[in-house]
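What follows is one structure encoded as structure tokens, with my remarks underneath.
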Amino acid sequence: MSANVLELDDVRLALPSRHGDRTLLRGVSLSLAPGEALGLVGESGSGKSMTLRTVLRTEPPGARVTGRVLLDGEDVRLLGAAALRRVRAERLTMISQNPRAALNPVLRISRYLVEGLCDARGESRDEATRRARDLLARVGIADVDRCMDAYPHQLSGGMLQRVVIAAAMASSPRLLLADEPTTALDVTTQSEVMAILDEQRREHGMAMLFVTHDLELASAVCDRIAVLYAGEIVEIGTPAQLHSAPRHPYTRLLLDSRPSLTAKTAALPVIPGRPIAAYEVEGGCAFSGRCPWVAPRCSEGEVALVHDAGRATRCLRADELTAELAGPAVSEPAGEPVQAGETEETA
Amino acid sequence: MLRFIIRRLGALAATLLISSFLIFAAMYAAPGSPESFLVQGRTVSPEVLASIRAQYGLDDPFLVRYGHWLGGVLTGDLGESLTTRQDVASLLASRIPTTLWLTAYAAVLIVVFGVVVGAIAGLRGGAFDTAVLLGSSVGFAIPTFFAAVLLMSVFSVTLGWFPVFGSGSGLADRMSHLTLPAVALALPAVAVVARITRTAVVEEREAEHVQIALARGVPWRIVARRHIVRNAMLPVTTIVGVNIAALVAGAAVVEHAFTLDGIGAMLINAVQQKDFAVVQAIALVLVAVFGVVNLVIDILYAVIDPRVQLGGESA
């Protein structure tokens with residue numbers, strides 16, 4: 001286990017507010033092998049971005065974090081300021097949602113790229129400039145000179161996100177933290193940027209923690225996906241496992257609420273009720289309030305994440321529901337013909 | 001850039017023309033007449049009065065008088081002082097250096113203390129920040145004339161560090177003479193600028209690109225300078241500019257209080273004596289200073305923020 005790039009062990013986070021502490025993470029545990037891509041999927045407020053921020057230690061000021069965040073076996077939560085800065089400069093990198101907000105609007109692109117190498121890592125300015133130009137060429141920017149001299153407002157969102165990706169690759173870090181890197185881009189550039197990101201990541205052999213609300217996108221680029229609900233992981237599995245045989249009702253409903261490409265439906269199925277925040281959970285399964293398969297015992301106590309052959313599920317009824325959750329959509333009883341027994345597990 | 005400056009100078013000329021008319025009209029409409037000041041309450045025969053009015057052209061129609069005056073101004077002839085019979089242009093020329101030194105000194109104080117103190121307060125927070133917030137409230141609340149009297153009584157009369165009046169000659173002597181007046185003049189502006197700078201810095205600290213620069217491992221020192229303070233300078237430049245432009249007008253009070261021979265004190269005297277030509281000339285100088293300072297600020301803006309395009313709409 002110590003060979004993992006990243007290990008989160010029962011990470012909890014609470015933000016102080018006027019009404020007492022608000023819990024945002026209720027014990028997140030996960031691990032990432034070298035070069036592996038793990039998707040963190042969930043609705044807004046499920047804690048996926050906050051999980052990522054505990055790794056980089058950029059959580060909101062005043063937040064109380066417990067648990068361990070091990071990067072190559074070293075707990076980043078315990079690092080001093082100087083050591084933390086070195087870890088951020090050399091072993092971690094982050095790509096955020098909106099590249100336009102990520103770059104200082106009054107400085108040239110070259111300054112942004114060079115500063116990450118030169119000021120953060122202590123490389124010489126000439127060497128950093130040479131590397132920066134090289135990196136831009138590798139993320140598919142045709143006119144490197146123009147790009148280096150441009151200010152952020154002169155480039156498109158897609159171009160800017162390429163610049164950010166180039167900067168992220170600069171230090172060949174062990175772990176890439178991507179927080180919805182394509183959400184702010186328009187659809188046509190999304191796939192382009194995602195392809196570049198994936199290619200660069202594989203080339204540099206980086207592990208990636210990929211936060212998104214888009215289950216499809218996560219399935220396309222990740223080796224494993226962790227589904228978050230109300231500040232805790234409810235299911236972890238490979239994209240194939242989750243798609244063909246979800247074991248947690250929430251995963252199943254998430255899959256059902258995607259629009260289908262082939263069949264036109266009058267109304268998209270939605271998950272009943274509203275997503276609850278982590279601090280609203282009152283004992284028992286957090287999803288019990290919205291779960292169509294809820295049983296009386298679901299609200300009786302904390303439900304543990306049960307690991308089983310590389311997957312993990314946090315549901316008391318996971319075993320009894322296996323067939324039902326893998327079956328046809330529950331919200332469309334008279335829709336498509338029933339395809340029973342679609343439970344094969346793809347390795 | 002050059003085209004922008006030329007266009008702005010043209011606009012400044014138009015502004016000066018319009019304000020010259022307003023200034024002239026305002027003096028014309030003001031109660032009291034210059035000849036009554038010239039005769040100083042003595043009873044004079046109507047003939048004498050008529051000759052005085054003829055000499056100064058006071059009987060001509062308004063527009064004729066304005067045109068006459070404007071023609072003179074354009075050729076560098078600002079007219080003749082009613083009280084001293086001296087050429088207004090040379091009077092101004094002898095008075096301007098003092099005001100220039102005073103306002104330049106105050107401007108340096110504003111930039112150094114206002115911006116630096118505000119930036120440190122914003123970056124460090126804590127007790128220093130609280131002290132700056134309190135101090136700026138006090139500084140802003142103290143009227144300039146009161147500050148002048150207070151400074152004189154403490155530093156000149158009690159401690160004897162600085163001279164009480166006069167503007168001195170030579171650099172060191174000037175500095176020593178102008179220190180207290182410059183402090184009194186700069187005080188409210190320093191307070192405002194410090195506060196605006198602090199707020200801008202605090203706001204900029206929260207910016208996403210600042211957080212990301214830190215998360216990339218860029219040292220705090222560099223982030224503070226390159227990303228926080230530099231970006232915070234955008235709003236600060238505007239405030240500093242407006243306050244420096246206003247110094248020339250504010251100089252009147254301070255020059256009067258410290259009996260300095262600048263154009264501010266000259267303006268007060270000229271208004272009291274209804275010395276048309278002098279008041280008009282000084283008012284024009286004030287408008288010109290505002291215009292030039294604003295032009296400099298706009299150019300600075302473009303230097304600081306590449307998104308501002310001179311001569312066009314901002315991107």
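The values are calculated or read from the model by the stated rules, or taken from the named source; none is laboratory data. Just so it is clear, the structure is predicted and the values come from calculations on it, not from any experiment. Positions of Cβ are generated from backbone atoms using ideal geometry, with glycine treated the same way; all protein chains shown enter the neighbour counts. Just the protein is used for accessible areas: all its heavy atoms, side chains included, with ligands, DNA and RNA removed. Shrake-Rupley method; radii C 1.70, N 1.55, O 1.52, S 1.80 Å.
Identify, from the list A:P292, A:P333, the residue that is over 24 Å from the mean Cα position of the chain (by Cα), within 17 Å of A:L255 (Cα to Cα), assigned to a loop (DSSP other than H, G, I, E, B) and at pLDDT 80 or above. So the residue among A:P292, A:P333 that is over 24 Å from the mean Cα position of the chain (by Cα), within 17 Å of A:L255 (Cα to Cα), assigned to a loop (DSSP other than H, G, I, E, B) and at pLDDT 80 or above is A:P292. The selection criterion, being within 14 Å of chain B (Cβ to nearest Cβ), within 19 Å of the chain's Cα centre (by Cα) and modelled with pLDDT of 90 or more, does not hold for A:V211.
Within the stretch A:171-187, being crowded, with 23+ Cβ neighbours inside 10 Å and either more than 14 Å from every other protein chain (Cβ to nearest Cβ) or in a helix (DSSP H, G or I) (or both) holds for one residue alone: A:T182.
Is there a residue in the stretch A:283-300 that is open to solvent by 50 Å² or more (accessible area, probe 1.4 Å), touching a residue at least 40 places away in the same chain (Cβ under 8 Å) and not aliphatic (A, V, I, L, M)?
Within the stretch A:283-300, the subset open to solvent by 50 Å² or more (accessible area, probe 1.4 Å) is A:289, A:292, A:294, A:296-297, A:299-300.
From what is left, the residues that are touching a residue at least 40 places away in the same chain (Cβ under 8 Å) are A:292.
Still in the running and not aliphatic (A, V, I, L, M): A:292.
Yes, the stretch A:283-300 contains a residue that is open to solvent by 50 Å² or more (accessible area, probe 1.4 Å), touching a residue at least 40 places away in the same chain (Cβ under 8 Å) and not aliphatic (A, V, I, L, M).
Test B:R195 against the criterion of being within 14 Å of chain A (Cβ to nearest Cβ) and either in a helix (DSSP H, G or I) or at pLDDT 90 or above (or both), and give yes or no. It is false that B:R195 is within 14 Å of chain A (Cβ to nearest Cβ) and either in a helix (DSSP H, G or I) or at pLDDT 90 or above (or both).
Identify the residue in the stretch B:259-271 that is more than 12 Å from the chain's Cα centre (by Cα) and closer than 18 Å to B:A107 by Cα and, among all such residues, is surrounded by the fewest Cβ atoms within 10 Å (Cβ to Cβ). Can you show your working first?
The first filter runs over the stretch B:259-271 and keeps only residues more than 12 Å from the chain's Cα centre (by Cα), leaving B:259-262, B:265-271.
Now narrow it down to the ones that are closer than 18 Å to B:A107 by Cα: B:260, B:262.
On the way: B:L260: 24, B:G262: 26.
Restricting to residues being more than 12 Å from the chain's Cα centre (by Cα) and closer than 18 Å to B:A107 by Cα, the top hit is B:L260.
Taking (1) within 12 Å of another protein chain (Cβ to nearest Cβ); (2) in a helix (DSSP H, G or I); (3) open to solvent by 60 Å² or more (accessible area, probe 1.4 Å) in turn, A:R121 satisfies each apart from (2).
Inside the stretch A:59-97, residues that are at the interface with chain B (Cβ under 10 Å from one of its Cβ atoms), surrounded by fewer than 17 Cβ atoms within 10 Å (Cβ to Cβ) and in contact (Cβ under 8 Å) with a residue 12 or more places away in the chain make up a count of 1.
Listed residues B:L180, B:L187; which is away from chain A (no Cβ under 14 Å) and within 18 Å of B:N243 (Cβ to Cβ)? Reasoning before the result, please.
On the way: B:L180 fails: within 18 Å of B:N243 (Cβ to Cβ).
Step by step, each of B:L180, B:L187 is checked, and only B:L187 is away from chain A (no Cβ under 14 Å) and within 18 Å of B:N243 (Cβ to Cβ).
Out of B:G76, B:G118, B:G71, B:G126, which single residue is more than 23 Å from B:F258 (Cα to Cα) and surrounded by 14 or more Cβ atoms within 10 Å (Cβ to Cβ)?
Only one candidate qualifies: B:G118.
Could you check, for the stretch B:61-77, whether at least one of its residues is at pLDDT below 75 and basic (K, R)? If you could, list the steps in order and put the result at the bottom.
Keep residues of the stretch B:61-77 that are at pLDDT below 75, which gives none.
No, because not a single residue in the stretch B:61-77 is at pLDDT below 75 and basic (K, R).
Please enumerate the residues belonging to the stretch A:134-160 that are more than 13 Å from chain B (Cβ to nearest Cβ), in contact (Cβ under 8 Å) with a residue 40 or more places away in the chain and either acidic (D, E) or assigned to a helix (DSSP H, G or I) (or both).
Applying the first criterion (more than 13 Å from chain B (Cβ to nearest Cβ)) to the stretch A:134-160 yields A:134-148, A:156-159.
After this cut, where a residue has to be in contact (Cβ under 8 Å) with a residue 40 or more places away in the chain as well, the list is A:138-140, A:148, A:157.
Passing the criteria: A:R138, A:M148, A:G157.
Going through (1) of a type outside the set (A, V, I, L, M, F, W, C); (2) buried (at least 24 other Cβ atoms within 10 Å of the Cβ); (3) touching a residue at least 60 places away in the same chain (Cβ under 8 Å) one by one, B:G250 falls short only on (2). Looking only at residues of the stretch A:202-255 that are among the β-branched types (V, I, T) and not in a strand (DSSP E or B), we find that the one that is surrounded by the most Cβ atoms within 10 Å (Cβ to Cβ) is A:T251. Considering only the stretch B:197-216, state which residues are in contact with an Asp or Glu (Cβ under 9 Å, 6 or more places away or on another chain) and buried (at least 22 other Cβ atoms within 10 Å of the Cβ). Residues satisfying the conditions are B:R198, B:A213, B:R216. State yes or no: is A:L160 modelled with pLDDT of 90 or more and more than 18 Å from the chain's Cα centre (by Cα)? It is true that A:L160 is modelled with pLDDT of 90 or more and more than 18 Å from the chain's Cα centre (by Cα). Can you pull out every residue in the stretch A:98-115 that is within 7 Å of chain B (Cβ to nearest Cβ) and either open to solvent by less than 10 Å² (accessible area, probe 1.4 Å) or under 14 Å from B:Q211 (Cβ atoms) (or both)? Listed by number, the residues that qualify are A:A101, A:A102, A:L103, A:N104, A:V106, A:E115.
Residues that are under 30 Å from B:R53 (Cα atoms): which helices (runs of 4 or more DSSP H) entirely in the stretch B:73-174 hold 3 or more of them?
On the way: elements: B:88-109, B:116-124, B:126-141, B:144-151.
Helices (runs of 4 or more DSSP H) meeting the threshold: B:88-109.
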